[in-house]
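*Asks:* Here it is, the structure in full.
No lab work stands behind these numbers, since they all come straight from the coordinates. Predicted, not measured: the structure shown is a model, and the values here were computed from it. Here Cβ is always computed from backbone atoms with ideal geometry, including for glycine, and neighbour counts include all displayed protein chains.
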Protein chains: 2
Amino acid sequence: MTAIIENYWITILKSLAHPTRLQIVIELLNGTKCVTDIHEILPSSQANISQHLTVLRNARIVDFAQDGAQRCYYVCRPELIEGLLNLLRNEQPEIVQKKAQCCLRNREDGAE
Amino acid sequence: MTAIIENYWITILKSLAHPTRLQIVIELLNGTKCVTDIHEILPSSQANISQHLTVLRNARIVDFAQDGAQRCYYVCRPELIEGLLNLLRNEQPEIVQKKAQCCLRNREDGAE
DNA sequence: AAATCATATTCGAATATTCTTATATCAAAT
DNA sequence: ATTTGATATAAGAATATTCGAATATGATTT
């Protein structure tokens, strides 16, 4: 099983790796919101919120339903996003390996 | 339950949101490796690998055990990283909301 | 102590991201 | 048709990230 990295994994991770965008996503998990709603909750400008929503939409993390002049944004892959957030919330203790022998480079007794 | 974003969530997400770094982490999940090992697997320069390892280490995603002149790197929060990767691997279908009414802005009948 | 192997750091250029300002689009109401 | 409310886009400055080249550090061997 070779380690395959899909390009869109990077896209998803990049999209979430910004405070405002992560906050937007968290807010949307609590319920569909239009741009003005989000603008009222977060301290960013309307244009900036809109730009971030475009990034999230390109990453297929959010989508919207048009309602008149409004666009009601929602998280279109809630399981993925909630799963990621849950993992981040469950801060686990770090493993410490005191001694590790990772490879046999430069060892006389290196078998094979 | 307010939506709290921890700074280190962003740090973790940012660290993983780079092809080389994500690849490094995936390789390390398969077993501890020193810098030269990683250098032999990935197409980046030694200096660059080292730089990326520093980023991952600052995010507390990897750590190393010194073994002579070598540094054997390993993923120090494997549950977190494997969890994230598993979520990314399980591509889930996107939800489509045809009609959404996200807020009662500008509606006569808007109750409360 | 000099040479060598393994790894890290510094510097700087190239590139990408972010945010602000201004403007454009588009639907609904007047 | 004009205005208004809601949202998007364009342009550009400010900032951050990335990576190569050169060099430094530190452990091991000779």
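*Asks:* Which value, in debye to the nearest 20, describes the size of the charge dipole of the protein assembly as shown about its Cα centre when Lys and Arg Cβ atoms bear +1, Asp and Glu Cβ atoms bear -1, and nothing else is charged?
*Replies:* 380
*Asks:* Let me ask another. For B:ALA69, which inter-copy label distances result when the label point lies 7 Å beyond Cα on the Cα-to-Cβ vector, reported in nm to one decimal and in ascending order?
*Replies:* 7.0
*Asks:* Hey, what did chain B get for relative contact order, percent, Cα under 8 Å, at least 6 apart? Don't skip to the end; give the middle numbers.
*Replies:* Numbers: 79 pairs, mean separation 25.3, N = 112.
Value for chain B: 23 percent.
*Asks:* Determine the dipole magnitude for segment B:47-103: charges of +1 sit on the beta-carbon of Lys and Arg, -1 on that of Asp and Glu, nothing else is charged, the reference point is the Cα centre, and the result goes in debye to the nearest 20.
*Replies:* On the way: 7 positive and 6 negative charges, 51 e Å.
Computed charge dipole of segment B:47-103: roughly 240 debye.
*Asks:* Once the other residues with Cβ under 14 Å from the Cβ of B:ARG89 are scored (Lys, Arg +1; Asp, Glu -1), what is the net sum?
*Replies:* Values: positive: A:ARG77; negative: A:GLU6, A:GLU79, B:GLU82, B:GLU91.
Net of charged neighbours comes to -3.
*Asks:* For segment A:1-65, give the magnitude of the charge dipole about the Cα centre (Cβ charges: +1 Lys/Arg, -1 Asp/Glu; no others), in debye to the nearest 20.
*Replies:* Numbers: 5 positive and 5 negative charges, 31 e Å.
In total the dipole reaches around 140 debye.
*Asks:* Identify the trypsin sites (Lys or Arg not before Pro) of segment B:1-110 meeting these criteria: DSSP loop state and at most 16 other C-beta atoms within 10 Å of the C-beta. Working shown, then result.
*Replies:* Working: sites: B:LYS14, B:ARG21, B:LYS33, B:ARG57, B:ARG60, B:ARG71, B:ARG89, B:LYS98, B:LYS99, B:ARG105, B:ARG107; in loops: B:ARG60, B:LYS98, B:LYS99, B:ARG105, B:ARG107.
Sites meeting the loop and neighbour criteria: B:ARG60, B:LYS98, B:LYS99, B:ARG105, B:ARG107.
*Asks:* Quantify how strongly other chains surround peptide B:50-58 by giving the mean number of their Cβ atoms within 10 Å of each of its Cβ atoms.
*Replies:* Details: counts 0, 0, 0, 0, 0, 0, 0, 0, 0.
Neighbouring Cβ atoms belonging to other protein chains average 0 per residue here.
*Asks:* How high is the FRET efficiency between A:GLN101 and A:GLU79 when r is their beta carbon distance and R₀ equals 45 Å, given to the nearest 0.05? Present the calculation step by step, with values, prior to reporting the outcome.
*Replies:* Details: r = 39 Å, r/R0 = 0.88.
With R0 = 45 Å, the Cβ-Cβ based efficiency is 0.70.
*Asks:* In nm², what is the average projected area of the convex hull enclosing the Cα atoms of segment A:7-89? Present the calculation step by step, with values, prior to reporting the outcome.
*Replies:* Details: hull surface 20.9 nm².
If you wrap the Cα atoms of segment A:7-89 in a convex hull and average its projections, you get 5.2 nm².
*Asks:* Put a label point 7 Å from Cα along the Cβ direction on A:LEU42, then list its distances to the equivalent points in the other copies in nm, shortest first.
*Replies:* Computed spacing set for this position: 2.9 nm.
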